[in-house]
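Here is the structure we will look at.
Each reported figure results from applying straightforward, stated rules to the coordinates on display, with no laboratory input. Just so it is clear, the model here is predicted, and its values are computed rather than measured. Virtual Cβ from ideal backbone geometry, glycine too; neighbours counted across all protein chains shown.
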Amino acid sequence: MILAKDALDELRDGNRRFAAGEVGATSVASRAHQVGMSGGQNPFAIVLACSDSRVPVELVFDQGFGDLFVIRVAGNVVAPSQIGSIEFAASQFGTKLVVVLGHSNCGAVIATLKELSLEQTHRSPNLRAIVDRVRPAIEPVLQAHTNSDEATLTGAAVRANILASVERLSHGSLILEQLVNEGELLIVGAEYSIETGKVEFFDENKS
Ligand SMILES: [Zn+2]
């Protein structure tokens, strides 16, 4: 399995190709269904992303079938089933990189901001399960940005929500925590810009 650092470079390069519109024949070929894949998978990165229809994970990283183990849930929140999926991939395939991929103008984050300012209440307990997981990251942002405009507030809230998911994954599971401590797993946050198609990684202190 490739090192976390090399996996990050691969994702960075893929996103650069995607954002620049340089996706070529090789990329398209790797996205073709291959019968021979039934033998097993060997994904080089695990990505926890938002379900937003504007963030198709394999496409924004210019990757093909079998490359990424992707978990998508509104607001890229961390609940037991997400942790379990990541534990499975990390221990089963030895994948060394987990990316929490949030994005600009995230609907789940915006819904939580509205909920906190009492503009909206979600009566569905299922929807509430998502909002309640976004809320703790966003409350301090709301308090720190009382005079900010909506775009600044939303941007800061999106980033805080990504970092909160990174934190929760890093400490919410004994298996993952152990892998991280042994240097066998790197968990980083990243934000996809719907406006530019570019992904910014928050890995300054980690790689
Ligand atoms: Zn979203």
Query raised in the report: Does anyone have the angle between helix 125-144 and the longest principal axis of the chain? Alpha-carbon axes, 0 to 90°, nearest 10?
Result: 70
Query - For segment 128-165 and segment 24-86, distance of Cα centres in Å - result: 26
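Which order do the peptides 143-151, 126-134, 62-70 come out in when sorted by mean C-beta neighbours inside 10 angstrom, highest first? Show your work: numbers first, answer last.
Details: 143-151: 10.4, 126-134: 17.3, 62-70: 20.1.
Listed from highest to lowest mean packing, they are 62-70, 126-134, 143-151.
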Report task. Any chance you could give the angle, 0 to 90 degrees and rounded to 10, that helix 4-20 forms with the longest Cα principal axis of the chain? Result -> 80
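Name the shape class, rounded, prolate or oblate, that the alpha-carbon gyration tensor gives for segment 1-127, where a ≥ b ≥ c are the square roots of its eigenvalues, rounded holds for a/c under 1.5, and otherwise prolate holds if a/b is larger than b/c and oblate otherwise.
Values: a/c = 2.28, a/b = 1.62, b/c = 1.41.
In terms of gyration-tensor shape, prolate.
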Requested in this report: Note down the net charge around Glu177, summing +1 for each Lys or Arg and -1 for each Asp or Glu among other residues with Cβ under 13 Å from its Cβ.
Outcome: -3
Requested in this report: Report the antiparallel proportion of the DSSP beta bridges in the chain as a percent, rounded to a multiple of 5.
Outcome: 15
Requested in this report: Sort 22-30, 4-12, 107-115 for me by packing, meaning the mean count of neighbouring Cβ atoms within 10 Å per residue, highest on top.
Outcome: 107-115, 4-12, 22-30
Report summary line: Once phi for every residue in segment 98-113 is put through the Karplus expression 6.51 cos²θ - 1.76 cosθ + 1.60 (θ = phi - 60°), the whole-Hz ³J(HN,Hα) values, with Gly and Pro written as x, are 10, 10, 8, 9, x, 7, 4, 6, 5, x, 5, 5, 5, 4, 5, 4
Requested in this report: Name the long-range amide H neighbours of Arg72: under 5 Å, sequence gap of 5 or more, or other chain; modelled H, no Pro or chain starts.
Outcome: Ala49
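Going by a ≥ b ≥ c, the root eigenvalues of the Cα gyration tensor, does segment 138-207 fall in the rounded group (a/c under 1.5), the prolate group (a/b larger than b/c) or the oblate group?
Numbers: a/c = 3.24, a/b = 1.72, b/c = 1.89.
In terms of gyration-tensor shape, oblate.
Is segment 15-57 rounded, prolate or oblate when judged by the Cα gyration tensor, a ≥ b ≥ c being the square roots of its eigenvalues, rounded requiring a/c under 1.5 and prolate requiring a/b larger than b/c?
On the way: a/c = 2.13, a/b = 1.21, b/c = 1.75.
The shape class here is oblate.
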